[in-house]
Amino acid sequence: MSKEVEVEREIIITGNWKMHKTIKEAISFVKELIPHLTNEMHHVYLAVPFTHIQPLSKECLNSSIIIGAQNMNDANSGAFTGEIAAKMLLDIGAKFVLLGHSERRHLFHEDNDFINRKVKRAVADGIQPILCIGETQSEYDAEKTHEVLKSQLTECLKELDEKQLKNLIIAYEPIWAIGTGHSATLEIAQAVHRFIREQLGEMFSEDFSKKIVIQYGGSVNIENAKNLLDQPDVDGLLIGGASLSLDTFCQIVNDRQLNQISKGSDI
Ligand code: PEP
């Protein structure tokens with residue numbers, strides 16, 4: 001891959017609220033957050049519970065906050081009690097969806113094949129997918145990180161081309177770092193993000209790999225957010241716990257606002 005080419009990639013900070021906050025709490029959160037975001041601010045995404053998508057989409061209409069979902073089914077409709085389809089999410093204002101979050105993979109037994117069908121549905125129906133990938137502690141200890149990520153990327157993105165995936169975001173979330181308070185070091189995050197970018201370059205094209213946004217997730221907090229974002233191949237953050245506190249989330253987002261937001265890297 002060329003080392004000379006500079007590419008500008010957006011910084012996208014996503015809060016994953018999981019199963020937290022009532023609608024009232026959620027609305028008051030975004031009402032307070034919005035005035036702290038300026039026009040130059042790159043997008044702040046919030047992945048919220050299904051019930052919160054419509055009221056929050058309305059509340060965030062004229063702001064830079066983008067509202068999305070944490071999951072969806074791969075089917076268009078049918079007898080799938082308790083599930084939700086992409087078109088239903090779009091109907092209520094969702095613009096993106098998290099797919100393959102480790103909690104979905106481990107607590108709800110979602111495999112790469114199912115996630116692949118969801119990515120296909122998302123791109124067919126026009127909702128932006130954020131594909132989460134990451135290795136377990138034991139896979140990390142056994143030095144299988146690259147192997148695991150390569151198969152997650154290959155299997156979750158199979159039979160899709162770069163045109164279909166032009167809005168795809170990848171979130172690298174080492175499972176050993178999620179909710180543990182032990183974030184990946186800056187060196188690990190950068191090296192793994194670079195590896196992911198190179199894999200995508202081999203699977204699709206160098207151009208595709210240079211443009212794709214790769215977020216880091218796993219125990220991001222006020223102390224480590226800026227340094228993680230300063231890594232050349234870390235283009236954003238996927239934040240769980242720290243996105244629930246207005247003060248913390250606002251500080252993470254505003255740190256970037258005060259510095260250079262747009263970035264690029266040589267590959
Ligand atoms: C997550 O659940 O996606 C996550 C990164 O959580 P936390 O930031 O709490 O580790």
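Below, the figures for the structure above:
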| quantity | calculated |
| --- | --- |
| Straight-distance crosslink candidates among lysines, where the alpha carbon sits under 28 Å from Lys58 and sequence neighbours closer than 8 are dropped | Lys18, Lys21, Lys24, Lys31, Lys87, Lys95, Lys118, Lys120, Lys166 |
| Over the chain, relative contact order from alpha-carbon pairs under 8 Å, at least 6 apart, % | 24 |
| Residue-level accessible surface for Phe204, protein heavy atoms, 1.4 Å, Å² | 40 |
| Accessible-area composition of the chain, carbon plus sulfur, in percent [1.4 Å probe] | 51 |
| Dipole-positive endmost among Gly68, Leu157, Leu89 within the chain (Cβ charges, Cα centre) | Leu89 |
| Formal net charge of residues neighbouring Thr248 (Cβ-Cβ distance under 12 Å; K, R +1; D, E -1) | -3 |
| Per residue accessible area in Å² of region 122-267, where ligands, DNA and RNA are left out and the probe is 1.4 Å | 40 |
| Label-point separation, Glu155 to Asp207 (7 Å along Cα→Cβ), nm | 3.1 |
| For Glu110, distant residues with modelled amide H under 5 Å away | Arg105 |
| Residue of Val48, Val123, Val253 that the Gaussian network model of the chain assigns the largest fluctuation, springs spanning Cα pairs under 10 Å | Val123 |
| Cβ-placed point charges (K, R +1; D, E -1), dipole of the chain about Cα centre in debye, nearest 20 | 840 |
| Heavy atoms of Ser28: accessible area, 1.4 Å probe, square angstrom to 10 | 60 |
| Cα-centred dipole magnitude for region 1-122, charges only on beta-carbon of K, R (+1) and D, E (-1), debye, nearest 20 | 320 |
| Accessible-area value, Arg194, 1.4 Å probe, nucleic acids and ligands omitted, Å² | 60 |
| Percent breakdown of C-alpha pair distances by 10 Å bin, ordered from the shortest bin, for the chain | 7, 32, 38, 20, 2, 0 |
| Shape of region 59-116, Cα gyration tensor, a/c cut at 1.5 | oblate |
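The values are calculated or read from the model by the stated rules, or taken from the named source; none is laboratory data. Keep in mind the model is a prediction, meaning the values are calculated, not measured. Glycine also receives a Cβ, built like all others from the backbone with ideal geometry; neighbour counts cover every protein chain displayed. Areas reflect the complete protein model, heavy atoms only, side chains present, ligands, DNA and RNA absent. Shrake-Rupley method; radii C 1.70, N 1.55, O 1.52, S 1.80 Å.
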